[in-house]
1. Considering only the stretch 104-116, how many residues are assigned to a helix (DSSP H, G or I) and either among the hydroxyl-bearing types (Ser, Thr, Tyr) or surrounded by 14 or more Cβ atoms within 10 Å (Cβ to Cβ) (or both)?
2. Going through the stretch 16-38 one residue at a time, which ones are at pLDDT 80 or above and open to solvent by less than 40 Å² (accessible area, probe 1.4 Å)?
3. Residue check: is Thr73 within 25 Å of Asn36 (Cβ to Cβ), modelled with pLDDT under 90, open to solvent by 60 Å² or more (accessible area, probe 1.4 Å) and in a loop (DSSP other than H, G, I, E, B)?
4. Residues in the stretch 140-151: is at least one at pLDDT 55 or above, assigned to a loop (DSSP other than H, G, I, E, B), open to solvent by 70 Å² or more (accessible area, probe 1.4 Å) and under 18 Å from Cys84 (Cα atoms)?
5. Could you tell me which of the residues Pro156, Pro133, Pro161 is under 20 Å from Leu59 (Cα atoms) and at pLDDT 95 or above?
6. Can we say Ile89 is out of contact with any Ser or Thr (no Cβ under 7 Å at 6 or more places or on another chain), assigned to a loop (DSSP other than H, G, I, E, B), surrounded by 15 or more Cβ atoms within 10 Å (Cβ to Cβ) and not small (Gly, Ala, Ser)?
7. Those residues that are part of a loop (DSSP other than H, G, I, E, B) and either touching a helix residue (DSSP H, G or I) at 6+ places or on another chain (Cβ under 8 Å) or crowded, with 17+ Cβ neighbours inside 10 Å (or both), I need them from the stretch 94-103; list them, please.
Amino acid sequence: MLSRKYFGWSHYSDVMDDGTDIDDNGEVMTVERVRNYYDVTGRADYVRPIEAALDQGLLVANSPSDCFYPLSTLTREDAAVIICKAFSIAPAEKDVLKGFCDVKKVAKGAYAALNALVANNYMYGVTDTEIGPKEGMTFTCCNIIFDNITRTVSSPAWAMPTSGRQLARIRPLLKCPTENS
């Protein structure tokens, strides 16, 4: 579970979309842009939130053969990376993870994000001495993190559409994942 209501973000199909993909130079593409993971299709509950996270740049699918493994547990370190991207949380100046006995288990690419969440008191260890980077992110832990973040900072607002699609007659939807913002 990435968050309560997946940050409240709109899915690209919630706006009028003519389905035309546009490349980074503004040219109409003849081949559809890779937008999704190979194993994220259909009408399952997880499809729209994962596609919205892709549109926001929180996740990256580089090829049609990439897999997300949506039925597997999201680790605490993977969740930290996604949360830091979503809320634009800067890396912490102080290394607070070094005090945990399992710090060597933290993936190199997740270290800064996990450290930033712990340093800002948004996320806590699974115990006083273990950070548990490879353990699954629980719904309760995710709610604690989001409550801690939204109590102290407001996430940047964004307007739909954000995908690289050409849209006709669109009314942007302004969204902010911080409640009552």
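The values are calculated or read from the model by the stated rules, or taken from the named source; none is laboratory data. Given the structure is predicted, the values throughout are model-derived calculations rather than measurements. Don't worry about glycine lacking a Cβ; one is built from the backbone with ideal geometry, like all the others, and counts go over all protein chains shown. Surface areas here come from the heavy atoms of the whole protein model, side chains and all, with no ligands, DNA or RNA. Shrake-Rupley method; radii C 1.70, N 1.55, O 1.52, S 1.80 Å.
1. Here is the first cut: in the stretch 104-116, the ones assigned to a helix (DSSP H, G or I) are 104-105, 108-116.
Those left that are additionally either among the hydroxyl-bearing types (Ser, Thr, Tyr) or surrounded by 14 or more Cβ atoms within 10 Å (Cβ to Cβ) (or both): 105, 110-116.
Summing the residues that are assigned to a helix (DSSP H, G or I) and either among the hydroxyl-bearing types (Ser, Thr, Tyr) or surrounded by 14 or more Cβ atoms within 10 Å (Cβ to Cβ) (or both) in the stretch 104-116 gives 8.
2. First, the residues of the stretch 16-38 that are at pLDDT 80 or above: 37-38.
Within the stretch 16-38, just Tyr37 meets the criteria.
3. Numbers: within 25 Å of Asn36 (Cβ to Cβ): yes; modelled with pLDDT under 90: yes; open to solvent by 60 Å² or more (accessible area, probe 1.4 Å): yes; in a loop (DSSP other than H, G, I, E, B): yes.
Against the criterion (within 25 Å of Asn36 (Cβ to Cβ), modelled with pLDDT under 90, open to solvent by 60 Å² or more (accessible area, probe 1.4 Å) and in a loop (DSSP other than H, G, I, E, B)), Thr73 qualifies.
4. Initially, the stretch 140-151 is screened for residues at pLDDT 55 or above, giving 140-151.
Now narrow it down to the ones that are assigned to a loop (DSSP other than H, G, I, E, B): none.
Among the residues of the stretch 140-151, not one is at pLDDT 55 or above, assigned to a loop (DSSP other than H, G, I, E, B), open to solvent by 70 Å² or more (accessible area, probe 1.4 Å) and under 18 Å from Cys84 (Cα atoms), which makes the answer no.
5. Numbers: Pro156 fails: at pLDDT 95 or above; Pro161 fails: at pLDDT 95 or above.
Going through Pro156, Pro133, Pro161 in turn, the sole match is Pro133.
6. Values: out of contact with any Ser or Thr (no Cβ under 7 Å at 6 or more places or on another chain): yes; assigned to a loop (DSSP other than H, G, I, E, B): yes; surrounded by 15 or more Cβ atoms within 10 Å (Cβ to Cβ): yes; not small (Gly, Ala, Ser): yes.
Yes, satisfied.
7. Going through the stretch 94-103, the residues part of a loop (DSSP other than H, G, I, E, B) turn out to be 94-96, 100-102.
Hits for the stretch 94-103 are Lys94, Asp95, Val96, Phe100, Asp102.
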